[in-house]
Amino acid sequence: MKLASLNRGRDGALVVVSRDLTRAVRVAQIAPTLQAALDDWASKRPQLEAVYQRLNDGLEAQAFDFDQGACHSPLPRAYHWADGSAYVNHVELVRKARGAEMPESFWHDPLMYQGGSDTFIAPHAPIRMGDEAWGIDLEAELAVITDDVPMSATPAQAAGHIQLLMLVNDVSLRNLIPGELGKGFGFYQSKPSSSFSPVAITPDELGDSWRDGRVHRPLVSHINGALFGQPDAGTDMTFDFPTLIAHAARTRPLGSGTIIGSGTVSNYDRSAGSSCLAEKRMLEVIEHGEAKTPFLKFGDRVRIEMFDTAGASIFGAIDQVVESYDAH
C-alpha cells in the first residue's frame, strides 16, 4: 500500500496512492490524516488496503491524478523523529578524516539523536537557510514509521511494529556541528527541519528488496541534475531497522507515528558515490589532503529517489532547491 498527505493544514489530508504513483483518492471517511490512521492502525489498515486494491484495479470513481508537488511529507509533523547512524563505515570515515580513532562500541551500540519534528519540509518545497556559510548539506536516508512500540522491545519484537517506510533528506549544517558537539550536549541548530518522500509505503511493496530489516535497493541522489550517488541501502547497514527501533525504545515506549531514520546511506564500495557532501569531502581529505567539493549553495537543486527493478519510482522523489531565507 502507498499513502501520501496532500499539503493542507498542519497535518495534511490523507490519500491512498496507486502503485504506479499516477492516481490517488481521498480517504477522509476512513482517516483524515496519516497520524489518525496510525493511531488506530489495526482497524484502519485493512480499510485503506481495500481502497488501494480498488484504486489499482481502476474501480475508484473518485480517483484523481496524483501530483507529488501537491504533497507534504507523509507525516507533515510527528510526535517523535529520531535518526540513527546505521552505516558505521560512514562514521569511521568521518573520524578517519580528522585523524580520530573510532571507539569499538560504535560497532555494537547504535548512535542516535532526536530531531525536531514539528516543521518538516514538504518534499518539493525549497530548503530555506539563512547563510551559505553554515555548510548546507543533504543526507539521503531511509526511515520507518512505527505503531505503538512498548518500552524495552527486543529487535525481534520491534520488527513487527514497522508499518511504513519513507525516504529522507536529513538536512545538516556541517559548519555548525563542531561547535555544538564541542559543548557536549548534541545537535540542535545544526540539524534544521528534515523532509521526506511524497509517498510512504508498506514494506510488502518492496517484495524481495525488503528482507532482514533492510531495504536492498540503491538510493539515488542528484545535485543540479548530475548523479551524486547511488549506494545500496541494504549493503553495509550495520544496524537494521528493528535494532534501531529497539535502541530507541530501550528506556521509553514509542508512540504510533514515531519515525526512525537510518542515517546517511553509505557503502564501502565508494564507486557507488555518496549520500552526503560531507562524505565526499572526507574522501577528498584522505586522498588529497583537503576537501574540494563545496557544500550546497543557494540555487542548487537536490533530488533523492529510489527505483524498483523495472526502473519505476517507489516513493516518488524528494526534489528541492536551496534558497535564502528571508525573515520578512
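Quick notes on this one:
- Residues that are surrounded by fewer than 22 Cβ atoms within 10 Å (Cβ to Cβ) and in a loop (DSSP other than H, G, I, E, B), drawn from region 231-255: GLY234, THR235, ASP236, THR238, ASP240, ARG250, THR251, ARG252, PRO253, GLY255
- Residues that are buried (at least 17 other Cβ atoms within 10 Å of the Cβ) and either touching an Asp or Glu at 6+ places or on another chain (Cβ under 6 Å) or of a type in the set (Phe, Trp, Tyr) (or both), drawn from region 267-290: ASN267, CYS276, LEU277, ALA278
- Looking only at residues in region 204-230 that are in a strand (DSSP E or B), in contact with a strand residue (DSSP E or B) (Cβ under 7 Å, 6 or more places away or on another chain) and not aliphatic (A, V, I, L, M), the one that is surrounded by the fewest Cβ atoms within 10 Å (Cβ to Cβ) is HIS222.
- Qualifying residue in region 68-79 (condition: open to solvent by 70 Å² or more (accessible area, probe 1.4 Å), more than 30 Å from ARG301 (Cβ to Cβ) and part of a helix (DSSP H, G or I)): no
Here is a yes/no grid of residues against (1) among the aliphatic types (A, V, I, L, M); (2) open to solvent by 80 Å² or more (accessible area, probe 1.4 Å); (3) outside the structural domain of ASP147 (by the TED database):
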{"position": "VAL17", "(1), (2), (3)": "yes, no, yes"}
{"position": "VAL25", "(1), (2), (3)": "yes, no, yes"}
{"position": "ALA37", "(1), (2), (3)": "yes, no, yes"}
{"position": "ASP40", "(1), (2), (3)": "no, no, yes"}
{"position": "SER43", "(1), (2), (3)": "no, no, yes"}
{"position": "ASP57", "(1), (2), (3)": "no, yes, yes"}
{"position": "GLU60", "(1), (2), (3)": "no, no, yes"}
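- Flag set for ALA133, criterion: outside any loop (DSSP other than H, G, I, E, B) and either among the acidic types (Asp, Glu) or at pLDDT 95 or above (or both).
- Residues considered: GLY229, GLY225. Of these, the only one that is more than 15 Å from the chain's Cα centre (by Cα) and over 13 Å from SER275 (Cβ atoms) is GLY225.
- Answer from ARG95, ARG45, ARG77 - the residue that is basic (Lys, Arg) and more than 23 Å from the chain's Cα centre (by Cα): ARG95
- Residue pairs meeting the criteria (Cβ under 6 Å; at least 6 apart or on separate chains; first modelled with pLDDT of 95 or more, in region 166-183; second assigned to a loop (DSSP other than H, G, I, E, B) and aliphatic (A, V, I, L, M)): ASN169/LEU138
- Within region 21-36, residues that are more than 16 Å from ALA78 (Cβ to Cβ) sit with their Cβ atoms under 8 Å from residues that are open to solvent by 70 Å² or more (accessible area, probe 1.4 Å) and of a type in the set (Asp, Glu), at 6+ positions apart or across chains, in these pairs: THR22/ASP65; ARG23/ASP65; ALA24/ASP65.
- Out of LEU142, LEU111, sole residue that is in the same structural domain as LEU296 (by the TED database) and surrounded by fewer than 23 Cβ atoms within 10 Å (Cβ to Cβ): LEU111
- Residues located in region 211-227, provided they are in contact (Cβ under 8 Å) with a residue 24 or more places away in the chain, touching a helix residue (DSSP H, G or I) at 6+ places or on another chain (Cβ under 8 Å) and not aliphatic (A, V, I, L, M): GLY213, ARG214, ARG217, PRO218
- GLU60 free of Cβ contacts under 8 Å to residues at least 40 places away in the same chain and either over 22 Å from the mean Cα position of the chain (by Cα) or part of a loop (DSSP other than H, G, I, E, B) (or both): yes
The values are calculated or read from the model by the stated rules, or taken from the named source; none is laboratory data. Keep in mind the model is a prediction, meaning the values are calculated, not measured. Neighbour counts are summed over all protein chains in view; Cβ atoms, including those assigned to glycine, are modelled from backbone coordinates with ideal geometry. Note: areas computed on protein heavy atoms with side chains; ligands, DNA, RNA excluded. Shrake-Rupley method; radii C 1.70, N 1.55, O 1.52, S 1.80 Å.
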